[in-house]
Every structure is written in C-alpha cells, then in structure tokens.
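Q: Right, I'll just put the structure down here and ask away after.
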C-alpha cells in the first residue's frame, strides 16, 4: 500500500513527548502517528457499550417520568390546599396582624425543622399515613373488582347464569347520620 508523505508542525513540548514515547516503544514515529490518526478519525466501538447506555438511558427516562408525575401531584395538591385555605380563612383585623406574623414566623421555623428531620431520616409522612390508613381500613383502597357485588348461581338454572345478590343492610339507629358532628 502506497503511503502519502505529510510535513507537520507541532509544538516543541509535544515533539519532546512524542520523541520520548517513540524511543520507549521502540517503534517508528510514522506508525504511532498513523495509529493515533486512525483512532481519532475512526474510533473503535467497544462492544456492548451502546446497548448498556441505551438501557441506562431508558431507566433514567422512566425515573424522570416518575419524578415528573410526583412533582405534578405535589404541585396540584399544594395548589388545592392553598385555594381551600384562602377560601375558608377570614382576614385578620389590622390590630392582630403583627402578633399573627410573629406567631407565623415561629410556627414556620418549627415546620422547616420538622421537614428537615423527616428528610434526614428518609421517613415520609405520606407513607406513614397510608400505612396507618390501610392497617385501620384495609378496604379503603380496594379495586373495582374487589368491590363487585357477591354473585351466586341461580338455583335450578343449569346454564351457569349468575344474578346479583343485594348486600345485607345493617340495622341503623333512629337518628340519621348527617356527617356533621
């Protein structure tokens, strides 16, 4: 294979390093330059690296999607709470506002300290509340399939048809529960 000749200009510091490495390797400078240029112009692919990177990027994409969903939930929850709070909280008279600011500042400092402690222990209030709710009321988060009415096969019907059986009514007190108190 015919080779083409090039005249190159490089800095003295780089030329000194190049000469030193060529002596240590006992090889020709032309072969070293050719190999360096080949690696630079045609980088070899390490087998499996692209697949690993694609897999990792997919995992990161899923995690970012979960984080985006969680942030959207938290943002919406906070917005609903703020709107509700502002709707039900009457404004304070001017004479009570300074005392309310001082109390609010103290309460906020306590709140920030509580958040800091929870984040430091990695113990989340939402998890704690959900665990308490599910242990006290395991049917609260039941799915529609879990809530389907009991069915039994109609007596004497050999075709396997089912009919709904109404749920038994619990006895109620004479007082009506209005849910207010």
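The values are calculated or read from the model by the stated rules, or taken from the named source; none is laboratory data. Computed from a predicted structure; not experimentally measured. With ideal geometry, Cβ positions are generated from the backbone for all residues, glycine too; neighbour counts draw on all protein chains shown.
Q: Suppose the filter is within 27 Å of residue 125 (Cβ to Cβ) and free of Cβ contacts under 8 Å to residues at least 12 places away in the same chain; does residue 100 pass it? Show your work before the answer.
A: Working: within 27 Å of residue 125 (Cβ to Cβ): yes; free of Cβ contacts under 8 Å to residues at least 12 places away in the same chain: yes.
Yes.
Q: Go through the residues of segment 20-42 one by one and say whether even a single one is exposed (fewer than 10 other Cβ atoms within 10 Å of the Cβ) and part of a loop (DSSP other than H, G, I, E, B).
A: Yes, because at least one residue in segment 20-42 is exposed (fewer than 10 other Cβ atoms within 10 Å of the Cβ) and part of a loop (DSSP other than H, G, I, E, B).
Q: Next question, about the same structure. Within segment 91-104, can one find any residue that is touching a helix residue (DSSP H, G or I) at 6+ places or on another chain (Cβ under 6 Å), at pLDDT 50 or above and in a loop (DSSP other than H, G, I, E, B)?
A: So in segment 91-104, the residues touching a helix residue (DSSP H, G or I) at 6+ places or on another chain (Cβ under 6 Å) come out as 92.
Of the ones still in play, those that are also at pLDDT 50 or above are 92.
If we keep only those that are in a loop (DSSP other than H, G, I, E, B) too, we end up with 92.
Scanning segment 91-104 turns up at least one residue that is touching a helix residue (DSSP H, G or I) at 6+ places or on another chain (Cβ under 6 Å), at pLDDT 50 or above and in a loop (DSSP other than H, G, I, E, B).
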